[in-house]
1. Mind checking which strands (runs of 3 or more DSSP E) fall wholly inside the chain and carry at least 3 residues that are at pLDDT 95 or above and not acidic (Asp, Glu)?
2. Name the pairs whose Cβ atoms lie under 6 Å apart, with the first residue in region 75-92 and surrounded by 12 or more Cβ atoms within 10 Å (Cβ to Cβ), the second part of a helix (DSSP H, G or I), and 6 or more positions between them or separate chains?
3. Right, Ile5: among the β-branched types (Val, Ile, Thr) and touching a residue at least 60 places away in the same chain (Cβ under 8 Å) or not?
4. Return yes or no: is Glu40 open to solvent by less than 90 Å² (accessible area, probe 1.4 Å), on the phi < 0 side of the Ramachandran plot and over 11 Å from the mean Cα position of the chain (by Cα)?
5. Would you check which residues across region 77-99 are over 16 Å from Asn6 (Cβ atoms) and not hydrophobic (A, V, I, L, M, F, W, C) and list them?
6. Please give the number of the condition Leu55 fails out of (1) of a type outside the set (Lys, Arg); (2) without any contact (Cβ under 8 Å) to a residue 24 or more places away in the chain; (3) touching a Leu at 6+ places or on another chain (Cβ under 7 Å).
Amino acid sequence: MRVSINSSYFVRALESNEPGKPQKLALEKSGWQVIDGVREQVPVTMAVYDSRILLIRDLASDMIGQLVFRGQMNNVTSFVAETRRIAEQAEFALLELAKSQAKNG
């Protein structure tokens, strides 16, 4: 089951292989791949996590790194605000994922 965090990032719940073990989460980013000679946009797994906090940390790091690289972030105030916004988006997506899972059993 996959839920969008924003237009480029997704979180996906992975089935646990071992009973009683916590479910893992995959952070995915939209990327391009050539499939049957056609270039298509597909989600690509960036990493798999046991911890929601580490997933959000890496998501914020990737998104903020891109903003800094493009010259769109250059002060601490915007860093703090963007980190908060990203964390809230990710938390909402994780809640939606949990709701979807509960609904689908």
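1. 9-14, 24-35, 38-49
2. If the second residue must be part of a helix (DSSP H, G or I), the pairs left are Glu82/Ile64; Thr83/Ala60; Ile86/Ala60; Ile86/Met63; Ala87/Ile56; Ala90/Ile56; Ala90/Leu59.
3. So Ile5 passes the test.
4. Spelling it out, Glu40 is indeed open to solvent by less than 90 Å² (accessible area, probe 1.4 Å), on the phi < 0 side of the Ramachandran plot and over 11 Å from the mean Cα position of the chain (by Cα).
5. Thr77, Ser78, Lys99
6. The single condition Leu55 does not satisfy is (2).
The values are calculated or read from the model by the stated rules, or taken from the named source; none is laboratory data. What you see is a predicted model; the values in this text were computed from it and never measured. All Cβ positions, even for glycine, are placed from backbone atoms using ideal geometry, and neighbour counts span all protein chains on display. To get the accessible areas, we keep the full protein, side chains included, count just its heavy atoms, and leave off ligands, DNA and RNA. Shrake-Rupley method; radii C 1.70, N 1.55, O 1.52, S 1.80 Å.
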